[in-house]
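Shown next, in C-alpha cells, is the structure this report addresses.
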Amino acid sequence: MTVFHSQHAVQADSAVAIAVLIWFGTGRQPLLAVYRFVRSLATSRRFLAFFAAALAILIVNTFEVKLENAYGVTYDLTRFMTGWEGGWHVWLQHRLENGPLTAVCTFFYVVMFQSVMLASLAIYSSMRNKRLFYAFCTALLMNYAVALPMYGFVPVNEVWYADPRVHFLMLEAFPSFERDYRGLSGINNCFPSLHTSISVTLALLASRSGIRRWAVFAWANAAVIVFAIFYLGVHWFTDMAAGVLLAVLSSAVGRKVGARAESNDRKREKGDAPAD
C-alpha cells in the first residue's frame, strides 16, 4: 500500500498536518498562530535567539550523514550494543504485518514526527507561553547535540540491515524512502533513537502546556511512533531506551532554562533588567 510517491507528497501532507495540529492545539485558525509566531520573532531578540539555535541544530543535522561518510569511523557496534535482544522484531512483524498498519506507521514516522515539532512552536507562541517555547527550543537543541556525535562515534545499524529476517516495511508505503529521506538518516544512525527522544520530549512538554487535548494527543503520537520504529524494522529496544532517557534529560533541562528565560523577560518588562 503506497502512501507517499515522493518527498513532495510528504511535504504536502506535512503542511496539512501542521495546519490541523495548530487548529487542534489552539482552537484557532492556523494563520493567526503563524502571525503571532512571526511577530514574536520580530519583537523579541531572546525569542529569536532561541528559535535560531533550534533551527541551527536542525540544519546541522542535514549535513550529519555527509560528514559521517567523509570522516566517520569504520567499526560497527551493532552486535555489541544490541546482541542481547535476540530476534523479537521477527516475531513482531510476523504477527502484525499488514498493509494498513504499515501505512499508518509510515505516516507517523515521516509526517507526524516533524509536524508535531513544528506545530508545537506555533502553539506555544500563539498561546504566549514563552516558558514552554524556550523549553522546547532548548530541549530540541539538546536532543540533537547529544545524538549527532553518538551517530558518528557509536554506529549501530538499523534492524532490517543487521538482520535479513526483518523486512524494511517503510519501502512498502514509501518506495522512494532511500532516495528521498535517507540523506537525513544514515543506516547506522540508530543509537539513540531521535524519533523516540523528540516525540517523548514533545509529550513531556505538552503535559505542562495546560492544554489537555494537546497533551493527550502528544502522548498518543509518541506511543505510535515508538511502536512504528520497531514495527517498520528500524530501531532496537536499546535505541528506544536511550531515546527515552535523553528525552527525560532534555525536557528537564529545557524546562529549567525556559523558566529562567521567562523570569528574565518579566524582569525586563518591569524595568529590572536590560532589554533583550
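The values are calculated or read from the model by the stated rules, or taken from the named source; none is laboratory data. On a predicted model such as this, the values are computed, not experimentally measured, just so you know. Heads up, the Cβs are rebuilt from the backbone with ideal geometry, glycines too, and the neighbour counts pull from every protein chain shown.
Look at the stretch 230-258 and say how many of its residues are in contact with a Lys or Arg (Cβ under 6 Å, 6 or more places away or on another chain) and either surrounded by fewer than 18 Cβ atoms within 10 Å (Cβ to Cβ) or among the polar types (S, T, N, Q) (or both).
So the count comes out to 0.
Being closer than 21 Å to Val253 by Cβ, touching a strand residue (DSSP E or B) at 6+ places or on another chain (Cβ under 8 Å) and at pLDDT 95 or above is a property that holds for Phe191. Taking the stretch 85-99 as the range and being outside any helix (DSSP H, G or I) and either within 19 Å of Ala241 (Cα to Cα) or over 25 Å from the mean Cα position of the chain (by Cα) (or both) as the test, the residues that pass are Gly86, Gly87, Asn98.
Criterion applied to Ala203, Ala223, Ala261 was being over 25 Å from Ala17 (Cβ atoms), of a type in the set (A, V, I, L, M) and part of a helix (DSSP H, G or I), and the one residue passing it is Ala261. Contact annotation: residue pairs with Cβ atoms under 8 Å, 6 or more positions apart or on different chains, pairing a residue in the stretch 197-215 that is within 13 Å of Tyr124 (Cβ to Cβ) and at pLDDT 95 or above with a partner that is of a type in the set (S, T, N, Q) and crowded, with 24+ Cβ neighbours inside 10 Å, are Leu202/Ser120; Leu205/Ser120; Leu205/Ser251; Ala206/Ser120.
Considering each residue of the stretch 1-33, count those that are under 15 Å from Phe174 (Cα atoms) and in a helix (DSSP H, G or I), and give that number.
Taking the stretch 1-33 as the starting set, the residues that turn out to be under 15 Å from Phe174 (Cα atoms) are 1-14.
So of that shortlist, the ones also in a helix (DSSP H, G or I) come out as 7-14.
Looking only at that region, the number is 8.
The helices (runs of 4 or more DSSP H) falling completely within the stretch 105-188 that include 1 or more residues that are small (Gly, Ala, Ser) map to 113-126, 130-153, 159-162, 170-173.
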